[in-house]
Every structure is written in C-alpha cells, then in structure tokens.
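The values are calculated or read from the model by the stated rules, or taken from the named source; none is laboratory data. Not measured: the values here are computed from a predicted model. In this analysis, Cβ positions are derived from the backbone assuming ideal geometry, glycine residues included, and neighbour counts consider all displayed protein chains. With ligands, DNA and RNA removed, areas are computed over all heavy atoms of the protein, side chains included. Shrake-Rupley method; radii C 1.70, N 1.55, O 1.52, S 1.80 Å.
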Amino acid sequence: MIEVVRGDVLGETRRRDIARVFVDGFGPDLAAFSKDPEVLADAIAHMLVPERFHVALIDGEPAGLASLTVGDEECVEPDAKTLRRHLGAVRGTIADRVFRSHFRGAVREPREGKAEIGFVASSLRHRGRGAAKAVLLHLLALPGYDEYVLEDIAANNEAALGLYRRLGFREHRRRRAPYSRFSGIGEYVSMRLVQERPARQG
C-alpha cells in the first residue's frame with residue numbers, strides 16, 4: 001500500500017530522504033555539479049520547501065514525490081553558501097544561479113483554482129511500483145483546484161509524458177530547449193488538465 005503525505009508532515013529528520021528521491025529523479029540533470037548522488041542529496045536537501053512537496057511512502061520510506069504550487073509560491077529556496085559548502089566554490093555558485101533561474105518561478109497566468117505540479121520523481125529502489133502515479137492521483141484529488149499544469153517536460157521523456165497523458169493531461173505548449181547541444185533535450189513540452197468543478201448545491 002502506498003501512502004501519500006505532505007513533506008512537512010514527515011518532519012525535518014526526513015528532509016534528506018526526500019532529497020534523495022529528488023536526486024534519483026533528476027540526478028542526470030544535476031551531474032554537472034556532482035556525479036555522486038549522496039553529495040547531491042546533501043547539497044539540495046536544504047532548499048526543498050517541505051510543505052510544497054507531496055511524498056509517496058512505501059513501507060514508510062519516501063518512494064516518490066511531486067511539488068504543488070499556486071500563485072507566486074516557490075518549492076525551492078536555494079542558499080548559495082550551503083551549496084558551495086557541499087559542491088565547492090565554483091560549482092556551488094553556478095548551482096545556485098541555475099537553481100534560481102530554472103527551478104523557481106511563479107505559476108504562469110495564475111488564477112484561483114489553478115495549480116502547477118512539478119519535480120515528479122520516484123526513487124530508483126522503488127521504481128516501477130506506482131509511487132509517482134500515486135502522488136499525482138493524490139494531487140488531482142485535492143479540493144479547490146480545477147486546472148493543473150506541468151511545465152517544461154523534456155520532449156524525449158516518453159515515460160513521463162505517457163503517464164501524464166494516461167491521467168488526462170494534454171499538451172498545450174512546446175518550446176525549443178536552450179543548450180540542447182549539451183543536455184540532449186531538443187524541446188520542452190508543457191501540459192495541462194482541466195477538471196470540472198462539482199456544481200454547488202442550493
């Protein structure tokens with residue numbers, strides 16, 4: 001059985017475990033800063049805003065996650081000093097700039113009832129057991145939202161795109177990826193899902 005809880009419910013002692021799932025999902029994108037997943041987890045644990053992340057637990061262990069933000073909320077708050085301590089002066093400084101420019105940003109065209117889902121990931125240990133899907137289904141069942149967006153998914157990430165399509169997301173924007181020569185990503189896809197709100201009684 002998979003249980004989904006908000007990151008802050010797990011408490012500060014599990015922050016590092018949540019970061020490790022994040023690294024399992026995005027380690028290849030972070031390899032320029034370190035190829036050691038433990039170093040990366042130590043470096044980024046501080047910057048994840050726990051109340052913005054929802055975490056799937058399998059046997060009590062974090063196995064999948066995704067962030068949910070509305071309006072101008074942020075789900076990461078990087079600290080340059082902490083990043084430099086773990087990654088070194090040069091790489092830590094660059095990581096801080098990259099995280100601030102690529103991992104932060106308000107929801108586009110915000111309005112009441114619209115939420116952005118981001119950083120969908122599952123741990124290597126639990127991959128294939130439905131953790132990421134469980135988190136997404138949990139988010140889609142939360143009250144108060146009728147539109148969800150997923151921004152800038154790598155167009156070559158067929159596994160993720162396929163999962164989102166099965167859950168009802170549809171592509172609504174596509175853009176050329178910067179630095180595609182280095183990242184191997186040619187385009188980014190953005191998707192959205194609109195749900196009908198139940199009619200008010202009375």
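Solvent exposure of the chain amounts to 55 Å² per residue of accessible area, where only protein heavy atoms count and the probe is 1.4 Å.
Note on Arg6 and Glu109: their simple-model spin labels are 2.8 nm apart, each label 7 Å out from Cα toward Cβ.
Of the residues Val189, Val9, Val120, the one with the largest accessible area comes first in the ranking Val9, Val120, Val189, computed with a 1.4 Å probe on protein heavy atoms. Here the relative contact order of segment 18-87, from alpha carbon pairs under 8 Å that lie six or more residues apart, stands at 35 percent. Counting only heavy atoms of the protein chains and using a 1.4 Å probe, Lys81 has close to 150 Å² of accessible surface. Within segment 1-56, all pairs of alpha-carbon atoms sorted by distance into 10 Å bins from zero give the percentages 25, 52, 22, 2. For the chain, the 222 nm mean residue ellipticity estimated from helices alone, with every DSSP H stretch of n ≥ 4 adding -39500 (n - 2.57) and the total spread over all residues, rounds to -10500 deg cm²/dmol. Packing, taken as the mean count of other beta carbons within 10 Å per residue, orders the peptides 13-23, 134-144 from highest to lowest as 13-23, 134-144.
Which percent, to the nearest 5, of DSSP beta bridges fully inside segment 1-148 are antiparallel? Around 90 percent antiparallel, to the nearest 5. Counted residue by residue at 0.36 nm each, then reduced by the alpha carbon distance between them, the extension gain from Gln195 to Glu151 reaches 14.1 nm. Available extension along the chain between Glu73 and Arg125 is 15.7 nm, counting 0.36 nm per residue and deducting the alpha carbon span.
In terms of accessible area, using a 1.4 Å probe and ignoring ligands and nucleic acids, Arg170, Arg176, Arg84, Arg97 rank largest first as Arg176, Arg97, Arg170, Arg84.
Taking one quarter of the surface of the convex hull spanned by the alpha-carbon atoms of the chain gives a direction-averaged projected area of 12.2 nm². For segment 86-165, the square roots of the Cα gyration tensor eigenvalues, ordered a ≥ b ≥ c, give a/c of at least 1.5 with a/b no greater than b/c, which places it in the oblate category. Counting only protein heavy atoms and a probe of 1.4 Å, the accessible surface of the chain is 49% carbon and sulfur.
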